[in-house]
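Coordinate-derived values only; no laboratory data. Please read all numbers here as calculations on a predicted model, not as lab measurements. Here the Cβ positions follow ideal geometry from the backbone for every residue, glycine too, while neighbour counts run over all protein chains shown.
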Amino acid sequence: MPLRFFNTYSRGVEEFEPRDPSARHICMYTCGPTVYSRAHIGNFRAYIFEDLLQRHLELRGYKVHRVMNITDVDDKTIRGTGEAGIPLRKFTEQFKQAFFEDADTLRIKRANEYPAATDQRYIDRMIEMISTLISKGLAYQAEDKSVYYRINKFPNYGKLAHFDLSQLQSTGRVKHDEYDKEHIGDFALWKAWDEEDGDVKWDSPWGPGRPGWHIECSAMSTALLGDQLDIHCGGVDNIFPHHEAEIAQSEGVTEKKFVRYWLHCAHLLVDGQKMAKSLGNFYTVPDVLAKGYTGRELRYALLRVHYRVPLNFTWDGMNEARESLGRIDEWLARLREVVGSARRADRTPRRGVPTSKFEEALDDDLNISAALGFLFESIRETNRAMDQNEMDAATANAWLDWWKRINTVLDLEAEFEIIVPPEVMQLAKERENARREKKWKRSDELREQISVLGWEVRDTKDGAKITRRGAA
RNA sequence: GGCGGGGUAGCCAAGUGGUAAGGUCGCGGUCUGCAAAACCGCUAUUCGCGGGUUCGAUUCCCGCCCCCGCCUCCA
């Protein structure tokens, strides 16, 4: 089955064909964080979706060149730097670091590049692009000295969002100098400096100022990936105006089709509402860790729902993630035991070898729920085979190899060999002795003590086993 | 008002023109000294509501209801 994705531009599922099909090389641009505060887990849902996309493409043999921008200048960062009384660079640096920390906690694969909007290279390129747009009549400098995109001159404006321009109405969310603009929908390419900006400013042919939000992505994506991208991703809230503006800017300059596939991730909800800084209903990665959950548990919780479906974040959902991962952990441990024991099966396995259904589900617009369904079905069937001693070492090994393969996409394995602390080992030893003497009451007391320390002891036919659920 | 996304069991969530994957929770059983883990069984006569097409619809068509988002610097 060919790889297929839902393309926002066409509003349909399309077969995926990269620009250069023979090279198996894909260039992908993903909108990154604005570093004015710590990103919340709703932001990270989008980054995890992009991570899944990249990893699946790689599993399918593509070489992915991914760029994620860091927006380190905009209204909010300027406000923040002013309030903190420190230079912009210093202000944004802390959140940049926090972003990478959290991304690592969630096992998000690093992009190849993280260009920053304030990098002089890109400021220069933005100025160059704006100049080109002005010379083509696609942009103009208004009386307020800012430069705006003339959307009426770009016939495709509104195609991505499927908006009718005459229907655009101001939400009052953004400060407007509406009298200066020719059309309410014209967006800023270059924002003229004003007092509130303090010393945040760059020189330009139109006077001191700073870039508009949208132009940075056009400048950085085309600088690093070329005029035409295979895939461009972001949250659904980026469709309009941000990505619409990117198309207008990039195609306005290059006159080439900017992006082949637009993929957008639905929102993370809390209590049925969008998680947003402005609503105050958000959690950060450290918030979730502080509740005792691990990064991989959060990764699972954010990964397990299809990217185009809104996902309601709940602590029940986190517990479910923990239990599901525990099931995977137990399964892997059992398979490894079978491999280690070089056991021969009593009978031939009822179920032979792993299938490729997992990857095939992901081929279908990253249908992770179906893919995980196959994983858990396989877990049940192989557990049953092991229960009935119908699993030999070679088959168990084949399943471990299968897991290794799908885990390049999931990245959900517990990170460390769990080291049982000596005091727990001591208690377990005492308990073994008590059990040997059939002192059941003493044995149960010791099990309880071990449990209080956060460990679980299990009696199997091969002796006691000490485990812990909720591993990193 | 315009444009999208969604409504499937207590909760989360796949899916198909032919009679509902999977996870989690709960209950019963096997195993166990008792547990745990694992396995087995049970848990939606039914897929927001009302029509229509069809031998047959949760799936296609029409109408309606509800929730969420976007509509100029939100992932």
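Which aspartates and glutamates, on any chain, are close to A:K274 with Cα under 12 Å apart, when same-chain ones fewer than 8 places away are left out? Counting by Cα, and skipping residues close in sequence, A:K274 has these aspartates and glutamates nearby: A:D237. Working ranking of peptides A:5-11, A:394-400 by packing, defined as the average number of other Cβ atoms within 10 Å per residue, highest first, is A:394-400, A:5-11.
Here chain A is assigned +1 on the Cβ of each Lys and Arg and -1 on the Cβ of each Asp and Glu. Its dipole about the Cα centre then comes out at about 1880 debye. A dipole drawn for the range A:14-153 from +1 and -1 charges on Cβ atoms has a positive end, and of A:S22, A:L52, A:Y36 the residue lying farthest that way is A:S22. What separates the Cα centres of the range A:1-50 and the range A:403-429 is a distance of 32 Å. The Rg/Rh ratio for the range A:81-144, using Cα coordinates for both the radius of gyration and the Kirkwood hydrodynamic radius, is 1.15. Cross-link reach is defined here as a Cα-Cα straight distance under 21 Å, omitting same-chain residues fewer than 8 places apart; for A:K438 the lysines meeting it are A:K429, A:K461, A:K465.
As an equivalent ellipsoid, the range A:334-410 spans semi-axes of 25, 12, 9 angstrom, where each value is the square root of five times an eigenvalue of the C-alpha gyration tensor, largest first. Test of understanding: express the Cα radius of gyration of the range A:380-472 as a ratio to 2.2 N^0.38 Å, with N the residue count. The reported ratio for this selection is 1.37. Once the Kirkwood radius over Cα pairs is known for the range A:422-467, the Stokes-Einstein relation at 4 °C and 1.567 mPa s delivers a diffusion coefficient of 126 µm²/s. Taking every Cα-Cα distance in chain A and sorting them into 20 Å bins from zero, the calculated P(r) comes out as 21, 47, 23, 9, 1 percent. Please compare each pair in A:K191/A:K277; A:K291/A:K439; A:K404/A:K441 to a cut-off of 32 Å on the Cα-Cα distance and tell me which ones are over it. Table pairs above 32 Å Cα-Cα are A:K291/A:K439; A:K404/A:K441.
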